[in-house]
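Beneath this line is the structure, given in structure tokens, with notes to follow.
The values are calculated or read from the model by the stated rules, or taken from the named source; none is laboratory data. On a predicted model such as this, the values are computed, not experimentally measured, just so you know. Using ideal geometry, Cβ is built from the backbone for each residue, glycine included, and neighbour counts are taken over all protein chains shown. What goes into the accessible areas is simple: the full protein's heavy atoms, side chains included, and nothing from ligands, DNA or RNA. Shrake-Rupley method; radii C 1.70, N 1.55, O 1.52, S 1.80 Å.
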Amino acid sequence: MKKLIPLILSSLLLVTSFTGCGNRVTNEYYDAHFFGFDTYITLRFAKEDADGKAISEEYLKNTADECAAILNDIDLLLSAHNEDSQIYALNREINMMVDSSGELLSVLDTAYTISELTNGAYDPTLGDLVELWNVSDGGPVPEDVEIMESLLHTGTDKIVVKGNTISKVDSLTKIDFGGVGKGYATQELLKYLSTTDIPYGLVSLGGNIGVFGTKEDGETYKVGIKDPNDPEGIIGYLYLSNGFLSVSGDYERYFEEDGVRYHHIIDPVTGYPAESGLRSVACVSSNGAAADALSTALFVMGEEEALKLYEDGTLVFEAIFVTDANEIILTDGLMKNGSFELTNDNYTIFGAPAENN
Ligand code: ADP
Ligand code: MG
């Protein structure tokens, strides 16, 4: 089960900002931490505006409060657990529902696109299976027959969108946006922040980070990627200058039964937790919702299929794969620009020159 631990030890270890000149320990950021969206949230805002003038504490605090309000609204739209949410209502609805805001349709659209491009490895219609597995509350392992029954009601063909009408072809199908919601929310926060006086910073929602604005000195953020074998430690650092990072791992949420670990990322083909040989996937993309859905999909697909998708180029992303053989595979973009730094001797980077291993 997910442990309630401080953000610093949450999915991503946010270390510090970093420049070519070395580590910086400055007071340039205002940090806000709170719990929401079923995860730890950190907002990090530059304290000076684009002209170098100090931004008032009150303005920074109000901006953080507005971010919390935005997250609250998104939760009311997308959460499968929040009894007041639109998704909760849709999942209990027999027939159809009209969404006037369009926001739900936009998330559904991204989810369906990623689902299609990953051959269903990411599947937003696994709601019933996710409830059946009950991983967040410790299981227990469902009966095979229950899993088979539940699988009959999954698939994006069971929920159809026409105009702004969402129709349930199968009344038992349930949507679960657990694999895309935090990434979408990260993206929405950045959209809002771009309208404020805050010139740069980042937001972190559990395993999802979004970096906004650019500093004149080309600063990047140094993000620790957790060690699946020891989630209080890291395998190394990713240097992120813009865009979104999302991490999916089997160590994030799980329960154990008879010595077997059952984690929260389900293979939509088997209905069981995915066994793809991967322990975690970190995905970088310019789209937050896509990064999130993709990290889940790539985890299910496994290294080989995931790299095929990367090379195919239809979806533009970079990724770090950590295998159960303690190997790290980097996509070409990360390998070439050296944005990942290995710091853990228990791991080797596959294909890297010997001195990097
Ligand atoms: P986290 O929730 O820890 O950030 P992910 O982004 O990988 O991790 O999302 C996992 C969540 O997505 C699960 O808890 C579940 O709600 C949902 N989910 C599980 N398997 C799939 C899948 N194959 N496709 C889409 N969503 C999934
Ligand atoms: Mg995800």
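Remarks
- Residue in the range 181-191 that is open to solvent by less than 30 Å² (accessible area, probe 1.4 Å), over 30 Å from residue 27 (Cα atoms), in contact with an Asp or Glu (Cβ under 8 Å, 6 or more places away or on another chain) and within 12 Å of ligand 2 (Cβ to nearest atom) present: yes
- Of everything listed in (1) within 28 Å of residue 254 (Cα to Cα); (2) in contact with a Gly (Cβ under 8 Å, 6 or more places away or on another chain), the single unmet condition for residue 164 is (1).
- Within the range 62-102, the set of residues being loosely packed, with under 13 Cβ neighbours inside 10 Å, among the charged types (D, E, K, R) and modelled with pLDDT of 95 or more comprises just one member, 65.
- Qualifying residue in the range 82-90 (condition: touching a residue at least 24 places away in the same chain (Cβ under 8 Å), more than 17 Å from residue 177 (Cα to Cα) and more than 18 Å from the chain's Cα centre (by Cα)): no
- The range 162-184: number of residues that are within 16 Å of residue 109 (Cβ to Cβ) and either within 13 Å of ligand 1 (Cβ to nearest atom) or part of a loop (DSSP other than H, G, I, E, B) (or both): 9
- Scanning the range 116-141 for residues that are of a type in the set (Asp, Glu) and away from ligand 2 (no atom under 15 Å from the Cβ) gives 116, 128, 131, 137.
- Qualifying residues in the range 224-237 (those that are away from ligand 2 (no atom under 16 Å from the Cβ) and touching a Leu at 6+ places or on another chain (Cβ under 8 Å)) - the one most open to solvent (accessible area, probe 1.4 Å): 232
- All of 229, 287 fail the test of being of a type outside the set (Lys, Arg) and within 22 Å of residue 186 (Cβ to Cβ), apart from 287.
- Test: residue in the range 122-131 that is more than 17 Å from residue 86 (Cβ to Cβ), touching a residue at least 60 places away in the same chain (Cβ under 8 Å) and surrounded by fewer than 18 Cβ atoms within 10 Å (Cβ to Cβ): no
- For the range 142-174, filtering for residues that are out of contact with any Ser or Thr (no Cβ under 8 Å at 6 or more places or on another chain), open to solvent by 40 Å² or more (accessible area, probe 1.4 Å) and over 17 Å from residue 122 (Cα atoms) leaves 11.
- Residue pairs meeting the criteria (Cβ under 6 Å; at least 6 apart or on separate chains; first free of Cβ contacts under 8 Å to residues at least 60 places away in the same chain and under 17 Å from residue 231 (Cβ atoms), in the range 248-263; second open to solvent by less than 20 Å² (accessible area, probe 1.4 Å) and more than 15 Å from ligand 2 (Cβ to nearest atom)): 251/228
- Among the residues making up the range 114-161, a single one is part of a loop (DSSP other than H, G, I, E, B), among the acidic types (Asp, Glu) and within 22 Å of residue 293 (Cα to Cα): 123.
Listed here are the residues, each with its yes/no results for (1) at pLDDT 90 or above; (2) within 15 Å of ligand 1 (Cβ to nearest atom); (3) among the aromatic types (Phe, Trp, Tyr).
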site	(1), (2), (3)
149	yes, no, no
155	yes, yes, no
200	yes, no, yes
213	yes, no, no
235	yes, no, no
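- Of all the residues in the range 37-61, those that are open to solvent by 10 Å² or more (accessible area, probe 1.4 Å), touching a residue at least 40 places away in the same chain (Cβ under 8 Å) and over 14 Å from residue 199 (Cα atoms) number 3.
- Selection status of residue 213, in contact with a Pro (Cβ under 8 Å, 6 or more places away or on another chain) and over 30 Å from residue 138 (Cβ atoms): yes
- In the range 282-297, residue most open to solvent (accessible area, probe 1.4 Å) [restricted to those that are among the hydrophobic types (A, V, I, L, M, F, W, C) and more than 9 Å from ligand 2 (Cβ to nearest atom)]: 284
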